[in-house]
Amino acid sequence: MKTSTRQKEELLFEGADWDFPILQRIHDACEEIALGELGLDVYPNQIEVITSEQMLDAYSSTGMPLFYRHWSFGKHFAHHEAFYRRGMRDLAYEIVINSSPCISYLMEENTATMQTLVIAHAAFGHNHFFKNNYLFKLWTDAEGILDYLDFAKSYISRCEERYGEAAVERTLDAAHALMSHGVHRYAGKTQVDLRQEEKRLQERRAHEEKIFNDLWRTVPTSLKRNKSDRDLERRRAALGLPQDNILYFLEKSAPRLHPWQREILRIVRHVAQYFHPQRQTKVMNEGTATYVHYNVMQRLHERGQISDGNFFEFLKSHTNVIFQPMYDDRRFSGFNPYALGFAMMQDIERIVTKPTGEDREWFPDIAGRGDPMAVLRDIWANYRDESFVSQFLSPSLMRRWRMFQLHDDPDIKEGILVSAIHDERGYRRIRRQLSRSYDIGHTDPAIEIVDVDLAGDRRLLLQHRASNDEFLEEEDLKLVLQHLADLWSYDVLLEELDSKDSVVRKHVAHPRAFARQSEFA
């Protein structure tokens, strides 16, 4: 009887109900395990409890509750809400922001068990990954992002009042269409103190307008078609060409944009840059958070701080999160990043603590080291999805998940060629192919601005080099190219090149009437 009473007193909560003192106890218990036993290093935590409608709102604005207004967010909200109210879709249990302090939004409808899971998952798993992974260190400013989002929201609101909602909306529409082509892919260009952006706005604008005016004032009025290669290189160098960051080029060089429009392009660029590391670490980030929450919840149960019933509730949710249909299951649509990341991290733990001969051959640097958390913390800090899969996907896991590689050969009229199976050569080919699917340098279209006809009609020339002769989808291309032409205010030509650098297709877009009038003049 005394033992039962003592265990009951040690429980963090009973049943499904919770209040804020219970949330504090849950946080402190998770923190003790995460920092003391798992050795995690995290930003200070800020826990916010929000309603399902607020979660829908945050969900619809790309997970950023402090975001500026745009019609597309309302469209997403209506879509998600309709499915949620009909019971056809669940909401995320949490949303976490890569900031310092790290903000975790918890839904008030969550049970106490789910709040514990979410705190372990987001406030410690994601938090540690955000703070320590090299991509986030190079590409994001965790201490300045919240202030910058507040500045961006108020700046765009002021623009709407001064220049009209329609003009601001058109600029945002165009910027959003080009958002995936608005990041610097080399870290040396991205280290920006976001907290100083508003203070530097006026002096930066004055300086850039001066340079901008000087550049376009020197454009010759007569047509000079016979330029030397040296003149061509000088012209391209002056404009920073070739340039794959299209939004950056437009912000600096588009001839008819107002200063406020350039600032909006800059805001969208910074937001795109903020999400750039997350696009490259989906498997690792979610795998880390899932691995952390699983171990924290298991330790809480072992210590008698959550009951058997609450632990079973957790296991049901956890099992749903890491569910992975096999290739012959009609529900299969690719690899679940939660499932793949968690499975690989558990497999690494096995290799470090109980390696087989095969493991020692494939992973000589980590097999048998005996400290899985030290190995995992190093991996979490120094890899992204592409390199993580390339280095640490084991033959054992490939067999367990029944992985194989298919090759769709157009010369084969019937059937599909299986190009890699479970042998040593096949393991390496499967791992290499899967890792490439997480490499945005391979999956994102390679589009560059290569020239501007300054001496003629000021037409903007872009080139797309088609990887494996995979060309752009024409309908989407026309829409995006139209937005680009509107921002540039002159004609835009995009050439698609095949693997032999031969021009296969050309696409032209002309600016719409409003882009040539006062709004962009």
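The values are calculated or read from the model by the stated rules, or taken from the named source; none is laboratory data. Everything quoted here is computed from the prediction, not taken from an experiment. In this analysis, Cβ positions are derived from the backbone assuming ideal geometry, glycine residues included, and neighbour counts consider all displayed protein chains.
Below are the figures for this structure:
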{"item": "Helices (runs of 4 or more DSSP H) enclosed by the range 303-400 - at least 1 residues per element that are surrounded by 14 or more Cβ atoms within 10 Å (Cβ to Cβ) and touching a Lys or Arg at 6+ places or on another chain (Cβ under 7 Å)", "result": "337-353, 372-382, 385-392"}
{"item": "Any hit, the range 487-501, residues being at pLDDT below 90, part of a helix (DSSP H, G or I) and at negative phi", "result": "no"}
{"item": "Filter result for the condition that a residue is within 24 Å of residue 377 (Cβ to Cβ), in contact (Cβ under 8 Å) with a residue 12 or more places away in the chain, touching a Leu at 6+ places or on another chain (Cβ under 7 Å) and in a helix (DSSP H, G or I), over 292, 296, 268", "result": "292"}
{"item": "Residue check, residue 388 touching a His at 6+ places or on another chain (Cβ under 8 Å) and not assigned by TED's automatic domain parsing to the domain that holds residue 115", "result": "no"}
{"item": "Residue that is within 14 Å of residue 267 (Cβ to Cβ), in a helix (DSSP H, G or I) and at pLDDT below 85, where the choices are 215, 172, 149", "result": "149"}
{"item": "Residue within the range 223-230 that is modelled with pLDDT of 70 or more, within 20 Å of residue 448 (Cβ to Cβ) and in a helix (DSSP H, G or I) present", "result": "no"}
{"item": "Restricting the range 447-486 to residues that are part of a loop (DSSP other than H, G, I, E, B) and either at pLDDT 95 or above or buried (at least 18 other Cβ atoms within 10 Å of the Cβ) (or both), the residue that is farthest from the chain's Cα centre (by Cα)", "result": "454"}
{"item": "Residue ID - farthest from residue 318 (Cα to Cα), chosen from residues in the range 105-146 that are polar (S, T, N, Q) and assigned to a helix (DSSP H, G or I)", "result": "132"}
{"item": "Odd one out for residue 418, checked against (1) assigned to a loop (DSSP other than H, G, I, E, B); (2) under 30 Å from residue 398 (Cβ atoms); (3) modelled with pLDDT under 90", "result": "(1)"}
{"item": "Residues of the range 444-495 satisfying the condition of being in contact (Cβ under 8 Å) with a residue 60 or more places away in the chain and among the small types (Gly, Ala, Ser)", "result": "446, 455, 456, 489"}
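Residues checked against (1) out of contact with any His (no Cβ under 9 Å at 6 or more places or on another chain); (2) at pLDDT below 95; (3) farther than 30 Å from residue 299 by Cβ; (4) surrounded by fewer than 19 Cβ atoms within 10 Å (Cβ to Cβ):
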residue	(1), (2), (3), (4)
33	yes, no, no, no
49	yes, yes, no, yes
63	yes, yes, no, yes
67	yes, yes, yes, yes
80	yes, yes, yes, yes
84	yes, yes, yes, yes
103	yes, yes, no, no
109	yes, yes, no, yes
122	no, yes, no, no
